[in-house]
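Just dropping this structure here.
FYI, it's all coordinate maths here, none of it is from the lab. The structure displayed is predicted, hence computed values, not measured ones. Cβ atoms come from the backbone with ideal geometry, glycine included; neighbour counts cover every protein chain shown.
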Amino acid sequence: MRANVLNTELLKFYRGVSKIMSESQNGRPPIVLSPKQVDQVEALAAVCTKTQMAAYFGVTEKTLRAIEQRQPEVFTAYRRGRAPAIADIGSALYQKALNGDIRAMQ
């Protein structure tokens, strides 16, 4: 008998949740980064992974990737910020290899 009461209460709960979800158009409104935050993405991209960047903005990595899909300027800012850092690292390794640093050649 108690199991029936619990099942009934759960069913009411799920019906209420689905009603709220349908009224709010299936969940939370999408997160949109401001132009200032897009600039922060570019600055952080040189030193942070996407996981670290997502934590900085208080979202999951999956949400950050969804934001990149909705806002192409976020993806572009990430690439723009990441490219110089990769080039600097490559250049430094190349110089070390030219100077005979065996570890840089490996």
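How much net charge surrounds VAL74 when only other residues with a Cβ under 15 Å from its Cβ are counted (Lys, Arg +1; Asp, Glu -1)?
+3
Could you pull out which residues in segment 32-49 have an amide N less than 20 Å from a spot 7 Å beyond the Cα of ILE86, following the Cα-Cβ vector?
39-49
Here is a further query. Which of VAL74, VAL32 comes first, and how do the rest follow, when ranked by fewest Cβ neighbours within 10 Å?
Least crowded to most crowded, the residues run VAL32, VAL74.
Between THR51 and ARG79, how many nm apart are label points set 7 Å from Cα along the C-beta direction?
Between THR51 and ARG79, the simple spin-label model gives 2.4 nm.
Oh, and also: Based on a Kirkwood Rh over C-alpha pairs, give the Stokes-Einstein translational diffusion coefficient of segment 31-105 at 4 °C and viscosity 1.567 mPa s in µm²/s.
On the way: Rh = 13.5 Å.
Translational diffusion coefficient: 96 µm²/s.
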